[in-house]
Amino acid sequence: MVYLTGFVTLAHDSREPPLIPSRIPIIGHAIGVLRGGSGYYSHIVNKYDYPISTLSLPRAKMYIVTSPAMIAASDRQAKTISFAPYVVEFAKRILLASKTSIGLLSEDLLDEDGLNLRTETMKAMHAALQPGRHLQETSQAVVMNIIRYLDFESPEINQTSIGLFQWVQRVVSLASTNAIYGPARNPMQNDEVMEGFWSVDRDFALLGLMVLPRLAAPEANRGRKRLFDAFRDYYSNSGLEEASELIKARYNVNNRHGIPDKEIARFDLGVCTALLVNTIPAVFWTLCHVFSDSKLLAELRQGIEAVVFGQQKFSKEKTSGATTTAITVNIPDIIKTFPLLESVVMEVLRVQSNNASARYLLTDTLIDDGLGAAYILKKDSFLVMPSAVIHKNEIAWGPTAKKFDPARFVKSSAYKARSSAFRAFGGGNALCPGRHFAVNEIISILVIMVLRYDIEPVTQAWKIPSTRKHIATSILTPLEDIHVRISQRKEIKELNLNFIWESRSAP
Ligand code: HEM
């Protein structure tokens, strides 16, 4: 046994982060991570309270980083503590990218010249999604598509009960993909393609194993092929003509690197995954937190109405005749004037975030937190920065770290979080390029729903559901849906509200 342990376990260097013992030799931590995910990381942190620690796995190691200072130190070494190997594995296992594409994606993993396909694609995504004209156009398209869905494609409103998650999934999927691919030729408008996409998400882990996917996950395997074919047709039928800057810019980078349309179509499974899988549950949790709390709902309504209708609460007289005269609801104006709105969304993301920010050590790397602690991290090890643990850190977030506090991000409290302690969008080189777009979309839906609708559970009082596990999603989905009735607010029904996204600062 001692011989076996020595063979399967890698030696621990005293300059590495402290080693966490395990009751079951060799495989104890591996079982804990596979079974418990971020729950296991919390268990380790609660028991040992190290800013960074080492878990021994069979023929590998994993470092768990949980102090904001050590996270910042890891992000500073993002070239060697790298996200790139995960991008390559995702392309290989889920997108079934060709050998040539995998070769291109694997070039220059250390990102020394910054001209490789991976880095250029990310640069293009960041540029298209940073605050500015392109983001404004895409956010405006999202708002238009949400309103169109509510007004013309949601007959359940005012009528029957709706599964809230299912409903959010549909409206966000259509609004987001129409906004980026253009509503005329968006392949995700086809129900079979959309269902194919969600079957891939359901069986993500099985597809990732790459063991007989046709037998192990037949529906997902068929759904994936349907999606690839639909996106290939999109490019051959001039779909790009109506696409957003995001899709055009990605296409141009791929094109410059010689990637054919058939292959770009596969990458669009990755785009749709990034675009939808976290934003949808984030919208769902936001609506749950707000509509389940009558005080918070009233406060938000009051603040939003004050911006839209002026300082006094609107009255029949004030708004009479408004059916014909449109009242403009410019969402960026509300965000600017009423900071609680954005704070609520950031707080929902903080409490619901569950990403691992997984990295892989490409070389031995020294990290130094600038506060007197420094460690060697070994090549070929895994490293995680679990957001759920970091978001409960009382040094960063204060004594209420474990509670939902909607005003947390507007308070000038002594515990105002350091940016490295907010990990809902990850950080370093892998910081989510879609973060502004996602927050704009979540806020837009929140404003529209708070202003126009009431949402009430059909059978019982509001209860925030527990979550379903997923190996790749950062914001987890609910284990069970909540059946609700969405009804138009009587006092708003008569008004002609024109929702827009027009940021004054966009060039
Ligand atoms: C609430 C919604 C969202 C959340 C919570 C979220 C969260 C994340 C997280 C945690 C990461 C990994 C960062 C890390 O490991 O450090 C990530 C990466 C990424 N996200 Fe998002 N995301 C959201 C929406 C979006 C949207 C709307 C898009 C695109 C339009 C997007 C595109 C991406 C891409 C492309 C990456 C990979 C970055 C890279 O390879 O460098 N995300 N996101």
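For region 166-181, the criterion of being open to solvent by 10 Å² or more (accessible area, probe 1.4 Å), away from the ligand (no atom under 14 Å from the Cβ) and over 19 Å from the mean Cα position of the chain (by Cα) is met by none of the residues. Would you be able to say whether some residue in region 395-416 is at pLDDT below 95, assigned to a helix (DSSP H, G or I), away from the ligand (no atom under 16 Å from the Cβ) and of a type in the set (F, W, Y)? Within region 395-416, one or more residues are at pLDDT below 95, assigned to a helix (DSSP H, G or I), away from the ligand (no atom under 16 Å from the Cβ) and of a type in the set (F, W, Y). Being among the charged types (D, E, K, R) and away from the ligand (no atom under 14 Å from the Cβ) is the filter here; which residues of region 63-107 pass it? Residues satisfying the conditions are K92, R93, K99, E107. Of the strands (runs of 3 or more DSSP E) that lie entirely inside region 338-392, those containing 3 or more residues that are more than 21 Å from the chain's Cα centre (by Cα) span 365-368, 374-377.
The listed residues are A274, A298, and the only one of them that is open to solvent by 20 Å² or more (accessible area, probe 1.4 Å) and more than 22 Å from the chain's Cα centre (by Cα) turns out to be A298. Just one residue in the set R250, R266 is touching a Leu at 6+ places or on another chain (Cβ under 6 Å), open to solvent by 20 Å² or more (accessible area, probe 1.4 Å) and within 16 Å of the ligand (Cβ to nearest atom); that residue is R266. Those helices (runs of 4 or more DSSP H) of region 113-182 in which at least 1 residues are of a type in the set (D, E, K, R) and closer than 28 Å to Y86 by Cβ, considering only elements entirely within it, cover 117-129. Pairs meeting the criteria (first residue in region 81-101 and open to solvent by 40 Å² or more (accessible area, probe 1.4 Å), second residue among the aliphatic types (A, V, I, L, M) and more than 10 Å from the ligand (Cβ to nearest atom), beta carbons under 7 Å, at least 6 apart or on different chains) are V87/L105; K92/I102; R93/L207; R93/M210. T138 meets the conditions (1) open to solvent by 20 Å² or more (accessible area, probe 1.4 Å); (2) out of contact with any Lys or Arg (no Cβ under 8 Å at 6 or more places or on another chain) in every case but one. The failed one is (1).
Let's see how each residue does on (1) at pLDDT 95 or above; (2) within 16 Å of the ligand (Cβ to nearest atom); (3) on the phi < 0 side of the Ramachandran plot:
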residue	(1), (2), (3)
V142	yes, yes, yes
P155	no, no, yes
F228	yes, no, yes
R232	yes, no, yes
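Test Y41 against the stated conditions and say whether it is among the hydroxyl-bearing types (S, T, Y), part of a helix (DSSP H, G or I) and open to solvent by less than 30 Å² (accessible area, probe 1.4 Å). Criteria met by Y41.
Yes or no: region 454-473 includes at least one residue that is closer than 15 Å to L349 by Cβ and modelled with pLDDT of 95 or more. Checked region 454-473: no residue is closer than 15 Å to L349 by Cβ and modelled with pLDDT of 95 or more.
In region 355-371, of all residues being within 16 Å of the ligand (Cβ to nearest atom) and surrounded by fewer than 22 Cβ atoms within 10 Å (Cβ to Cβ), the one that is nearest to A424 (Cα to Cα) corresponds to A358.
If only residues of region 418-473 that are away from the ligand (no atom under 16 Å from the Cβ) and among the small types (G, A, S) are counted, the one that is surrounded by the most Cβ atoms within 10 Å (Cβ to Cβ) is S466.
The values are calculated or read from the model by the stated rules, or taken from the named source; none is laboratory data. For clarity, every value in this text was computed on a predicted model and none was experimentally measured. Cβ coordinates were reconstructed from backbone atoms using ideal geometry, including for glycine residues, and neighbour counts include every protein chain displayed. For the accessible areas, the whole protein counts, side chains as well, though only heavy atoms, and no ligand, DNA or RNA atoms are used. Shrake-Rupley method; radii C 1.70, N 1.55, O 1.52, S 1.80 Å.
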